[in-house]
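Below you'll find the structure, written out as structure tokens, and then a few comments.
The values are calculated or read from the model by the stated rules, or taken from the named source; none is laboratory data. Nothing here was measured: the structure is a model prediction, and the numbers come from that model. Reconstructed Cβ throughout: ideal geometry from the backbone, glycine too, with neighbour counts over all protein chains shown. Side chains are part of the model used for accessible areas, which takes the heavy atoms of the whole protein and leaves out ligands, DNA and RNA. Shrake-Rupley method; radii C 1.70, N 1.55, O 1.52, S 1.80 Å.
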Amino acid sequence: MTFQWNFHKAQQWAYAIFIFLVMFIFFVKGNMLVPYDGDDWSNLSSMRNAIPMPNGWNPIKILPETLFPITGFFAAYAVNPIIGDYIQSISITSACVLSLIITVYVLLFRRWLIQIWNVSSATSYVFSFLFLLFHFLVFKGKVGANPFLLGSINLTCIFHYLIPALWNASLVLYFWQCRITGTLRFSDNLGKRSFLYIVIYLAIFSNVLSSIILSAYVGACLAKSFIQQRIRTKQAFLAYLNENKFFVIILVVWFISLILEANGGRSRAIGASIAHLPLYETGMAFIKVFKHINKYFAGTFIFVIAAAGIYYYKSKNLLQKKVLRNEMTILLLALLGTGMYLLLVCAKASAGYIGRSDVIIGLFFWILLLLFSCGAYIVAYWQRIILLLPLLLLFFTVQTIYSSGDTYYAEITMGRIDPEICYQIDKDLINQIITAEQEGKTEMILVVPKGDNRDNWPHPMYMGGNISKTLHRHGIIRYPISIKIQPDTSMNETYHIPVPK
């Protein structure tokens, strides 16, 4: 028994290390995470208070606006002294943080399969790796840069959008597999509860486009319980709220976070008023997302859902059918709530947000859970299908990594510039600044590539103070330097990047 237990634990650790290494290698070598634009150089060292800031620019984005600068400081003061490359240190540390969060996400999904659907350990490994692969495969097309659910448009958005989404999704998987309900008592196991509360706090106060994942799950659980209890009187309703006060408090705090964010500087500066929301444009952008779904993923989804429906109709196992109904109720309610919410919030901010992979992952999280729930139900009904799982794993692994030469995963840099080129440009900019410092200058002109005609994005005219502040805080220069940005098309020619018209 001892040997078996140790082997089982070793197997789990080996799988966790494998997932981490696959992701780490991808984000260091395959699609390097590198600071490049004005937002990256600003947010990399700008720390905020760990409490909501009413009327601030981003009142509630506590998780991204603390984790990103902490990552930057660790890279500068712990990793850079070892490897001697500042930009590479940021890349490695960021990849490490993201890979660790993805690993936790996948492992919690595996535990969810075992606890909720009672699949075997071997099946859980196959399904959880397929779950990871589908995050890359879902939008993979034939030609050009393909977005993927674990990507974003720059390093800042990795921390501000993707990581909050994964954080919230991981928390949902933990709640679900541990059967945490609204009846959770605050006095139970104080040490574990205190850690849970800080994780919930950071999930809610992360990003309004990501926190819906947790809130949709909580709301779906409350709605399901409300329907099942058939509450019809005021007294019964009050008793219901008191009984489920843990989930009720989560929703109340979430609503407060929405109010705070709606009154923040960024919310007031962008988007349309409630009365003039471009719902049609956002809806069209939303539909366009589904037009780009990979044909193999779409075919698999349709087949699995249809097969599960057939088996449900034919099955005489009432217990399995009850489990499927209960879990599907939560899934479908959460899916519907998340979809409606994202449509409204993206219409308020900008219709284009709904097409971003780091936003739409909030919806596809539920779609993937729906797919694998039905897959687990089929395995429970027809055990022999397990024989096909290794073949499915091989097929989808090849489809995910296969490239015809014209197909590649979109770079996580503004403008989809090759990360290696971004790295070289960063080195150029930093060398200019270090040279000015060595010459004792307190003011300098920083030559950058020519960007757009509005403010020279992605190296905007206002970037000088931000890059100087970050390099000073990270110990790269000894004192702040007043930097004036000067766009120069010769930089574009040197590094072979297009000149925006």
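Below, the figures for the structure above:
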{"quantity": "Mean accessible surface per residue for the stretch 136-215, computed with a 1.4 Å probe while every protein chain stays in place, in Å²", "calculated": "31"}
{"quantity": "Of 427/484; 142/295; 29/295; 224/291; 61/291, those spanning more than 21 Å from alpha-carbon to alpha-carbon", "calculated": "29/295; 224/291; 61/291"}
{"quantity": "Percent carbon-and-sulfur accessible area, the stretch 1-77, ignoring ligands, DNA and RNA, probe 1.4 Å", "calculated": "71"}
{"quantity": "Portion, in percent, of the accessible area of the stretch 361-403 that falls on carbon or sulfur, probe 1.4 Å", "calculated": "77"}
{"quantity": "Accessible-area composition of the stretch 170-254, carbon plus sulfur, in percent [1.4 Å probe]", "calculated": "64"}
{"quantity": "Partners for residue 192 among lysines (Cα-Cα distance below 19 Å; same-chain residues under 8 apart left out)", "calculated": "245"}
{"quantity": "HN-Hα J in Hz across the stretch 443-460 - Karplus 6.51, -1.76, 1.60, θ = phi - 60°, x for Gly and Pro", "calculated": "9, 7, 9, 9, 7, 10, x, 6, x, 6, 8, 8, 9, 6, 4, x, 10, x"}
{"quantity": "Mean Cβ count within 10 Å, highest first, over the residues of peptides 458-467, 89-98, 72-81", "calculated": "89-98, 458-467, 72-81"}
{"quantity": "Packing rank of 479-488, 348-357, where each peptide gets the mean count of other beta carbons within 10 Å, highest leading", "calculated": "348-357, 479-488"}
{"quantity": "The stretch 1-59 - accessible surface per residue (Å², probe 1.4 Å)", "calculated": "57"}
{"quantity": "Inter-part distance where the stretch 353-405 and the stretch 151-190 are each reduced to a Cα centre, Å", "calculated": "21"}
{"quantity": "Residue-by-residue Karplus 3J(HN,Hα) for the stretch 223-239, coefficients 6.51, -1.76, 1.60, Hz, glycine and proline x", "calculated": "5, 4, 5, 4, 5, 5, 7, 6, 6, 10, 10, 5, 5, 5, 5, 5, 5"}
{"quantity": "Per residue Cα convex hull volume in Å³ - calculated over the stretch 6-54", "calculated": "144"}
{"quantity": "Global size of the chain as Cα Rg and Dmax, reported in angstrom", "calculated": "24.2, 82"}
{"quantity": "Per-q log10 I(q)/I(0), the stretch 403-501, q = 0.24 Å⁻¹ (Debye; single scatterer per alpha-carbon; no solvent)", "calculated": "-1.32"}
{"quantity": "Mean shadow area of the stretch 188-240 over all directions, Cα convex hull, nm²", "calculated": "5.0"}
{"quantity": "For q = 0.14, 0.25, 0.28 Å⁻¹, Debye-computed log10 I/I(0) when each Cα of the stretch 435-489 counts as one equal scatterer", "calculated": "-0.37, -0.95, -1.07"}
{"quantity": "Amide H within-cut-off set for residue 485, under 5 Å, with H built and near neighbours excluded", "calculated": "446, 464"}
{"quantity": "Inter-centroid distance (Cα atoms) of the stretch 58-92 relative to the stretch 406-480, Å", "calculated": "16"}
{"quantity": "Cα gyration tensor shape for the stretch 178-312, rounded if a/c is under 1.5, else prolate or oblate", "calculated": "oblate"}
{"quantity": "Dipole of the chain, positive end: most advanced residue of 328, 34, 146 [Cβ charges, Cα centre]", "calculated": "328"}
{"quantity": "Accessible surface, 1.4 Å probe, highest first, among residues 218, 104, 345", "calculated": "104, 345, 218"}
{"quantity": "Phi to ³J(HN,Hα) by Karplus 6.51 cos²θ - 1.76 cosθ + 1.60 over the stretch 478-494, Hz, x for Gly, Pro", "calculated": "7, 8, x, 10, 6, 10, 9, 7, 10, x, 8, 5, 5, 5, 4, 5, 4"}
{"quantity": "Peptides ranked, highest mean first, by Cβ atoms within 10 Å: ranges 124-130, 43-49", "calculated": "124-130, 43-49"}
{"quantity": "Heavy-atom accessible area per residue - the stretch 264-393, 1.4 Å, Å²", "calculated": "52"}
{"quantity": "Sum of side-chain charges, residue 105 neighbourhood, beta-carbon under 15 Å (Lys, Arg +1; Asp, Glu -1)", "calculated": "+1"}
